[in-house]
Amino acid sequence: MAKLNAGYFKSTVGQKQIVGLMGLLLCGFVFTHMLGNLIIFIGPEAYNMYAYKLVSNPLIYVAEAGLVAMFVGHIVLTIKLTIHNKKSRPQAYAVSASGEKKTTLVQKTMAHQGIIILVFLILHLITFKWGTVYTVEYDGLVVRDLFQLMVEKFNQPLYVVGYLGCLVILTMHLSHGFQSSFKSLGFNHPQYEPKIKCAGFAYAAFVGFGFISQPLYIFFFL
Amino acid sequence: MSKDGNMTIHLEVWQQEGPNEKGHFLKYSLEQVTPDMSFLEMMDVLNTKLIKEGKRPVEFDHDCREGICGTCSMVINGDPHGPQKATTTCQLHMRSFKDGDRVVIEPFRAKAFPVIRDLVVDRTSFDRIQQAGGYVSVNTGNAQDANNLPVRKQDADMAFNAAACIGCGACVAACKNASASLFTSAKIAHLALLPQGQPEREERALAMVAQMDSEAFGACTNTGACSAACPKEIPLEHISKMYREFATASSRKRDS
């Protein structure tokens, strides 16, 4: 493969492409995470065994290192670009654009959404990954009872409200991020652009509803 | 509205003495504005009135007044070139406004477009991007036979579409990041699609993007506001083309 010169990584174009690529890879992670969580509807044993198989696989460390790299790349470059973008308009307009020339609130607040998602991510890891370890035994095998931890957390009304709020923000972020990533990577053509846009909205809605379904199910029925 | 159909418009116009001065809005009420006036003619009427009153007129950029030169600017009620689609300020008419409307007029705001005075901004950063590679180096002489340079119809159409850019800067004014991506990409795409642009295609993409980055314009976040504000309706897909051109050129660049 041809080696990219340093100018590529220094340019806003190169940096945006990396942000987009990392963003799309993270979209993939978020999607599989959501699908994994849906196993909770099969039952506590299926859910706990899925989690056990996932973390007992030695490849998990490779996957986690990759995930950390994607998050760091996406976040560091976005912070850099956002600061650069803010400096590009030192004086704001007195009146905002209206109609078609308007920028939507979701598009305007991508960086703010990112900060909220990062805080959520850290709290989420503290609560679940590094949270209370309950155990349960299936056929002599002692595994972590994540199901019990979820039931415990998602029966606290304030926790559920905060969780839902963060997921609405994540859904907004994905709805613009998905289609924007394709454009940054060079894919924008009238033939398929509307389809990517549609797929992006469908993907964001599916991920959002998928994640929201578990806390609501636990809160109201368990 | 008066019986003759004329309107009273309440203007709030940005006034700024120089690039480093602090600006502010001045309010004027203009009577007898006819719906048939262009927006710039309304500004002329305002300035005539100000001059008669012994006051300093409002400085604004204008030239051809037929929508092709890209000199007029202004952000009208938050919209670059005003509320109409595919329309420059000079082609905007007062019939787009109602009697008693409040109209706020600001300059294009971007670090790379410093205000010279009032509504006049310095857009030479666009010239420097263009000079960095927005040309083809050809030896002049007799024009060769057109059949020697076949161009696919689809490419000719897209090149023409990109070439329609008049370099007014509304894309920068509309972008939340004050990004020049739509302008730069239109210039890169225009020549990348034509046979004459091929020898310098990759150097052009590298040089124009590097110049764009050095001019304090922001990065593109694909909001599409630029394209919506563009009086020539340059589509957003040119920006993706610029991304492809730049990535390809970067991967093939040699130091020699």
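The values are calculated or read from the model by the stated rules, or taken from the named source; none is laboratory data. What you see is a predicted model, and the numbers here were worked out from it, not measured in a lab. All Cβ positions, glycine included, derive from the backbone under ideal geometry; neighbour counts span all protein chains shown. With ligands, DNA and RNA removed, areas are computed over all heavy atoms of the protein, side chains included. Shrake-Rupley method; radii C 1.70, N 1.55, O 1.52, S 1.80 Å.
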Every residue in the stretch B:203-256 that is assigned to a loop (DSSP other than H, G, I, E, B) and either among the hydrophobic types (A, V, I, L, M, F, W, C) or within 7 Å of another protein chain (Cβ to nearest Cβ) (or both), please.
B:216, B:217, B:219, B:220, B:221, B:222, B:223, B:230, B:234, B:236, B:253
Looking at B:217, B:183, can you tell me which residue is aromatic (Phe, Trp, Tyr), closer than 23 Å to residue B:90 by Cα and open to solvent by less than 30 Å² (accessible area, probe 1.4 Å)?
B:183
Members of the stretch B:167-180 that are more than 10 Å from residue B:221 (Cα to Cα), open to solvent by less than 10 Å² (accessible area, probe 1.4 Å) and in contact with a strand residue (DSSP E or B) (Cβ under 8 Å, 6 or more places away or on another chain):
B:169, B:170, B:172, B:173, B:178
I need a count of the residues in the stretch B:70-80 that are within 9 Å of chain A (Cβ to nearest Cβ), of a type outside the set (Val, Ile, Thr) and in contact with a strand residue (DSSP E or B) (Cβ under 8 Å, 6 or more places away or on another chain).
2
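Residue by residue, here is whether (1) within 10 Å of chain A (Cβ to nearest Cβ); (2) without any contact (Cβ under 8 Å) to a residue 12 or more places away in the chain; (3) more than 14 Å from the chain's Cα centre (by Cα); (4) farther than 27 Å from residue B:22 by Cβ holds:
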| position | (1), (2), (3), (4) |
| --- | --- |
| B:55 | no, yes, yes, no |
| B:68 | no, no, no, yes |
| B:98 | no, no, yes, yes |
| B:103 | yes, no, yes, no |
| B:113 | yes, no, no, no |
| B:118 | no, no, yes, no |
| B:127 | no, yes, no, yes |
Failed item in (1) open to solvent by 70 Å² or more (accessible area, probe 1.4 Å); (2) away from chain B (no Cβ under 14 Å), with residue A:29 passing the rest:
(1)
Over 30 Å from residue A:191 (Cα atoms), open to solvent by 80 Å² or more (accessible area, probe 1.4 Å) and assigned to a loop (DSSP other than H, G, I, E, B) - does that describe any residue in the stretch B:114-132?
no
Across (1) basic (Lys, Arg); (2) more than 9 Å from chain B (Cβ to nearest Cβ); (3) in a loop (DSSP other than H, G, I, E, B), residue A:89 clears everything bar (2)
Output the residues belonging to the stretch B:85-96 that are within 15 Å of the chain's Cα centre (by Cα) and more than 28 Å from residue B:188 (Cβ to Cβ).
B:92
Residue check for residue A:105: surrounded by fewer than 14 Cβ atoms within 10 Å (Cβ to Cβ), aliphatic (A, V, I, L, M) and within 14 Å of chain B (Cβ to nearest Cβ):
yes
Residues within the stretch B:88-113 that are closer than 30 Å to residue B:36 by Cβ and either part of a strand (DSSP E or B) or open to solvent by 20 Å² or more (accessible area, probe 1.4 Å) (or both), tallied
13
